[in-house]
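Shown next, in structure tokens, is the structure this report addresses.
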Amino acid sequence: MLWTPPDDVMASTAMGRFAAANGFERYEDLHAWSIEDLPGFWNAVTTACGIRWHTEPTVTLEHPEMPGTRWFAGGTLNYADHALAACRDPDLVDHPAIIARSQTRPPSELTWRDLVQQVAATAAWLRDVGVGEGDRVGAYLPNIPETIVAFLATASIGAIWSSCAPEFGIRSVVDRFAQIEPAILFVVDGYRYGSKDVDRGEHVEAIIAALPSLRHVVVVSYLDGVGADALVTGGASAGPARHRWDEVATEAPTLGIVAVAADHPLYVLFSSGTTGLPKAIVHGHGGVVAEHLKVLTLHQDLRRDDRFFWFTTTGWMMWNYLVSGLLVGSTIVVFDGDPGAPDLNTLWNLAAETECTIFGVSAPFLMSCRKAGIEPVASTIRCVGSTGAPLPADGFRWVDDELGVPVSSIAGGTDVATAFVGSSPMVPVRAGEISCRLLGCAVEAFDPAGERCPPGETGELVVTKPMPSMPVGFWGDADGSKLRAAYFDDFPGVWRHGDWVTFDDDGSCIITGRSDATLNRGGVRLGTSDFYAVVEGFDEVADSLVVHLDDEGHDTGGAGLGTLLLYVQLAADGALDDELASRIRTALRTELSPRHVPDRIEATPSVPRTLSGKKLEVPVKRILQGARADDVAARGALADPGALDWYAAKAASTPG
């Protein structure tokens, strides 16, 4: 046990006050009510968290069966109205809404007054060029204030937002935006990553040329004025009109916000697209506002006097999660650049300098800091958030030893724009475990027959009852067939998320990796995260990837244990010799089981990851089975577009 709730939790936290107001003293009972009486719970949450309906819903939950659930029918509202609510508070209007740090330009801040003025100006410009409800607005922008301004302006007029980070390659951006046919595209000329300048002029021109739906392009001058000027003045005369950002965000009248239906699209998020065309996942205003107010107010205990940071890019769902800190009136801290440059102290120093109180990063970042012996400077952090991958127990202990604050380890996804499981101020934190199911989330582990797994047994992570932030649909999926195939084919009426999870009898859980990447040796399932926790604990190993190749006859039951391959990316001073390989095998056998011992251990120059940090076990497995690298992954969606080439060459040189 690393952390326990304070004695005054019922009075000092929003979660405690919400529980007490509804007659509950224990989190377990509060959660049970939240999934047994969905309409009652969500009515209570939206009231307690101050949702601003323009028109009250006639019914909270219509058609509770999945898929096809409709939330807040008859209700109208707007996300931007909530995100800018603090602008109306005279005590806050001149306080910072956004604190920005970047490796490309000097520090900056926007007060709430600045923010609403810039949103109003941008919204007025969008209206002037003919953008209205339902039109799509795309952004090829980094995590900077202009991106948030453009997003809120888009939302305020009922248009639909979608963003890609500028590190995405041309194909990855076009694969996404071509599906939704944006009328407007906000772009950046380039950016600096650590000490490296990355020009994006050619990428931008290629993207514009591939999107015939574009009517206007707005260029943010970020890397240098020369590149931005070239983008504004260049291009074919018959193409979309081009504008400078400074021409858009000018003086404007008072912001007018359009009230839209609760299920009106707010933004389109895309799946990683590593194994096919990215899914265009549509999220509605009502579901996002309700869910993000709930999770940030109650679970993260985010307050108006907090400074909320999460390291993310605009191509990852955590950017949307971070921006929603504005919904509760907190100050959000955004960072654009390399978190490891000049070293792993960068984000910890940022937290101290900007006085962050809620500090979120990925689990691999925390483990890298632990391995590097980082000692974070003194700061105002009161909670460390972790997501993107399971955080091993040693990561929890490192945070506790270095900062003495609880870890909020959360897991969910782009598909729901939030987490299913995470932390609560009313629930203890134990090393290596996600503390609890989140309120309103009916999460279980299912066996292959669709039965609930008992505590301690690993199964498929499923959601048995609807959540407001589940997609209102996939873009272009008129009959809903793609959405049903994505989540509901395996267990009818139940959402299958694609993770392996093991629940304890107190509701805490451990996620052991993607179920499609889970290894099956002789009928025994092995979670990939178990391997990584052990292997990456060695100082000589910077990263690792494990893949299982089935024997011939696997599908007909004539198979043996198959071949288990472990690839290790070595640290700068590491060498894979027989001694290290032996120590790795011994650790896996001792800490896990003999079945976890790999048949081969090989050094690799790079472990392929998506831009959001996910390891690509399944694409690598398919390459080793003979598939072409370009057929199993979109290179533009990878952190290192060439990372798969080594595996492809290895497969080509391996007989049989």
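Structure data summary
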item	result
Under 23 Å from Lys465, Cα to Cα: lysines that are on another chain or at least 8 residues apart	Lys279, Lys294, Lys482
Potential lengthening between Ala627 and Ala20 on full extension [0.36 nm per residue; Cα-Cα distance subtracted]	212.8 nm
Over the chain: helical MRE at 222 nm, DSSP H runs n ≥ 4 each giving -39500 (n - 2.57), nearest 500	-8500 deg cm²/dmol
Diffusion coefficient, µm² s⁻¹, Stokes-Einstein with Kirkwood Rh over alpha-carbon pairs of segment 5-50 at 4 °C and 1.567 mPa s	120 µm²/s
Residues of type lysines that Lys621 reaches as a straight line, Cα spacing below 19 Å, ignoring anything fewer than 8 places off in the same chain	Lys650
Cα gyration tensor, segment 172-281 - rounded (a/c under 1.5), prolate or oblate	oblate
Segment Thr563-Leu576, length gained on full extension (0.36 nm per residue, minus Cα span)	2.7 nm
Rounded to 5, percent antiparallel among DSSP beta bridges of the chain	55 percent
By average C-beta atoms within 10 angstrom, highest first, the peptides 582-590, 69-77	69-77, 582-590
Contour excess over end-to-end distance, with Cα ends at Asp505 and Lys482 and 0.36 nm allotted per residue	4.8 nm
Computed FRET value (nearest 0.05) for Thr4 with Ala32, which takes r as the C-beta separation and R₀ as 25 Å	0.70
Nearest-0.05 FRET efficiency for Asp246 and Leu277, computed from C-beta distance (R0 25 Å)	0.10
Backbone HN-Hα couplings from phi across segment 312-319 [Karplus 6.51/-1.76/1.60, Hz, Gly and Pro as x]	7, 10, 6, x, 10, 4, 5, 5
Charge sum, other residues only, whose C-beta stays under 12 Å from Phe72's C-beta, Lys/Arg counted +1 and Asp/Glu -1	-3
Radius, Kirkwood style, for the chain when every pair of distinct Cα atoms is counted (Å)	25.6 Å
Rounded if a/c under 1.5, otherwise prolate or oblate - segment 418-497, Cα gyration tensor axes	oblate
Computed FRET value (nearest 0.05) for Ala393 with Ser593, which takes r as the C-beta separation and R₀ as 22 Å	0.80
Whole-Hz ³J(HN,Hα) from phi, Karplus 6.51 cos²θ - 1.76 cosθ + 1.60, for segment 611-623, glycine and proline x	5, 9, x, 7, 6, 9, 5, 5, x, 5, 4, 5, 4
Ordering of 299-311, 441-453 by burial proxy (mean other Cβ atoms within 10 Å per residue, highest first)	299-311, 441-453
Ranked packing of 194-203, 213-222, most packed first, by mean Cβ within 10 Å	213-222, 194-203
Accessible surface of the chain, 1.4 Å probe, proportion on carbon and sulfur as whole %	48 percent
Pair Ala259, Thr586: separation of 7 Å Cα→Cβ label points (nm)	7.1 nm
Cut-off 18 Å (backbone N to label point 7 Å along Cα→Cβ of Thr47), residues of segment 16-33	16-25, 30-31, 33
Given charges at Cβ of Lys, Arg, Asp, Glu: segment 131-178 dipole, positive-most of Gly158, Ala178, Tyr140	Ala178
For a label point 7 Å along the Cα-to-beta-carbon line of Glu62, residues of segment 12-37 with backbone N under 18 Å	none
For segment 6-99: accessible area per residue (Å², 1.4 Å)	46 Å²
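The values are calculated or read from the model by the stated rules, or taken from the named source; none is laboratory data. What you see is a predicted model, and the numbers here were worked out from it, not measured in a lab. Here the Cβ is made from the backbone with ideal geometry for all residues, glycine too, and neighbour counts use every protein chain on show. For accessibility, only protein heavy atoms count, side chains too; no ligands or nucleic acids. Shrake-Rupley method; radii C 1.70, N 1.55, O 1.52, S 1.80 Å.
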